[in-house]
Amino acid sequence: MSSCTVCPRTAPDGQHLCQLHAGELRGWLAEIPAQALLLAEEFVARSARPAQGRVGGTGQAVAPVPVDLRVLALLGPGRYDPQGADDDGQPPIAATLGAWAGHIAYHHPAAHRDPHGIARLQPCEQASPRHGESITGWCAWLTAYLPFALTLPLAAGLHDALDTLVRRLRHLTHSQPQQHPRAAPCPACDLCTLVRTDGRWYVHCLTCGHQLTPDQYDQHAARVLKTRTAIHERTHPMTERVPVRVLLLFGDEAEIVADVPAEERAEPVRYPAADIAAATGVPVDQLAGQRLTAEVGADDQLSDWRVA
Ligand SMILES: [Zn+2]
Ligand SMILES: [Zn+2]
């Protein structure tokens with residue numbers, strides 16, 4: 001067991017970042033190309049487009065939006081030295097990513113044969129991304145080499161650099177990935193802090209950093225639901241479940257009758273259709289005629305609707 005260099009959590013064996021921070025890095029590498037594209041559309045494309053005036057008309061031409069030079073510099077080529085500070089502290093994105101890739105590549109052993117046919121192991125001289133030395137190309141390279149980068153002490157520096165870069169991009173584009181809370185508690189720490197974040201494949205825990213693939217999460221959630229239902233049934237043995245049927249829909253309400261032959265039925269009772277739809281997962285417009293079961297409470301009120 002080693003510990004994360006960014007936070008007090010434990011990191012997987014031989015790695016320098018915990019799952020939460022490693023996942024964050026992976027998420028940023030997926031986000032950066034999209035943010036750069038937004039930036040280009042917002043600040044560069046708009047100003048480069050010719051002003052739209054009617055040909056020969058008297059319509060007022062819209063003044064072009066001036067290009068923000070800082071944005072151009074950020075998107076453009078340039079140099080970045082991860083060791084020394086840049087003059088304005090805002091190195092171009094591609095140069096920053098490329099410099100980190102080069103830094104990681106230097107630690108990556110490259111196997112080759114020398115002129116005498118003897119196998120040699122030496123550091124890679126440079127990183128060459130398959131998709132070109134663009135922002136997208138470098139992000140793809142860094143994602144591919146991330147498992148290796150996590151084993152190097154430089155992982156903390158990489159996390160720091162990408163954190164700064166992503167913050168700057170989000171600030172300029174006013175756009176950031178949304179988090180969607182998941183209902184089931186985390187299987188590792190039992191707290192209800194699992195979320196899915198836009199652009200991130202794993203469902204992850206905000207408390208302990210535990211990660212699940214979407215499939216693993218679905219299976220986990222189904223197990224939790226099953227356990228809860230079993231506990232509920234054990235602790236609420238007195239309630240009675242009865243078969244019922246949705247007769248008709250009246251506006252927002254569903255008319256419910258006992259699912260018995262028509263001549264034995266009492267007057268229908270109305271319940272909010274949206275509640276039944278939410279509990280059963282059957283859309284409101286398909287509720288009419290649906291056979292359900294429900295629990296009869298002490299006050300004869302029906303609840304806990306389920307599809308029969
Ligand atoms: Zn951490
Ligand atoms: Zn957790």
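The values are calculated or read from the model by the stated rules, or taken from the named source; none is laboratory data. Given the structure is predicted, the values throughout are model-derived calculations rather than measurements. In this analysis, Cβ positions are derived from the backbone assuming ideal geometry, glycine residues included, and neighbour counts consider all displayed protein chains.
Table for the structure above
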quantity: Any hit, the stretch 53-67, residues being under 29 Å from residue 132 (Cβ atoms), at pLDDT below 90 and assigned to a loop (DSSP other than H, G, I, E, B); calculated: yes
quantity: Among the residues listed as 225, 248, the single one being in contact with a strand residue (DSSP E or B) (Cβ under 6 Å, 6 or more places away or on another chain) and under 20 Å from residue 307 (Cα atoms); calculated: 248
quantity: Residue count, the stretch 189-222 (criterion: at pLDDT below 90 and in contact with a Pro (Cβ under 6 Å, 6 or more places away or on another chain)); calculated: 3
quantity: Residue match in the stretch 134-153 (condition: within 22 Å of residue 12 (Cβ to Cβ), modelled with pLDDT of 90 or more and over 25 Å from the mean Cα position of the chain (by Cα)); calculated: yes
quantity: Contacts under 9 angstrom Cβ, first residue in the stretch 1-25 being closer than 13 Å to residue 152 by Cα and in a helix (DSSP H, G or I), partner modelled with pLDDT of 90 or more and within 16 Å of ligand 2 (Cβ to nearest atom), 6 or more apart; calculated: 22/4; 22/11; 22/12
quantity: Residue 94 within 16 Å of ligand 2 (Cβ to nearest atom), at pLDDT 90 or above and not assigned by TED's automatic domain parsing to the domain that holds residue 194; calculated: no
quantity: Residue that is nearest to ligand 2 (Cβ to nearest atom), among those in the stretch 160-199 that are closer than 19 Å to residue 220 by Cα and charged (D, E, K, R); calculated: 190
quantity: Residue check, residue 38 modelled with pLDDT of 90 or more, more than 16 Å from ligand 2 (Cβ to nearest atom), part of a helix (DSSP H, G or I) and touching a helix residue (DSSP H, G or I) at 6+ places or on another chain (Cβ under 9 Å); calculated: no
quantity: Matching residues in the stretch 196-240 - criterion: being in contact with a His (Cβ under 6 Å, 6 or more places away or on another chain) and away from ligand 1 (no atom under 16 Å from the Cβ); calculated: 196
quantity: Residue 260 exposed (fewer than 15 other Cβ atoms within 10 Å of the Cβ), within 16 Å of ligand 2 (Cβ to nearest atom) and on the phi < 0 side of the Ramachandran plot; calculated: no
quantity: Tabulated pairs, the stretch 193-220, first in the same structural domain as residue 21 (by TED's automatic domain parsing), second within 12 Å of ligand 2 (Cβ to nearest atom), C-beta under 8 angstrom, 6+ apart or interchain; calculated: none
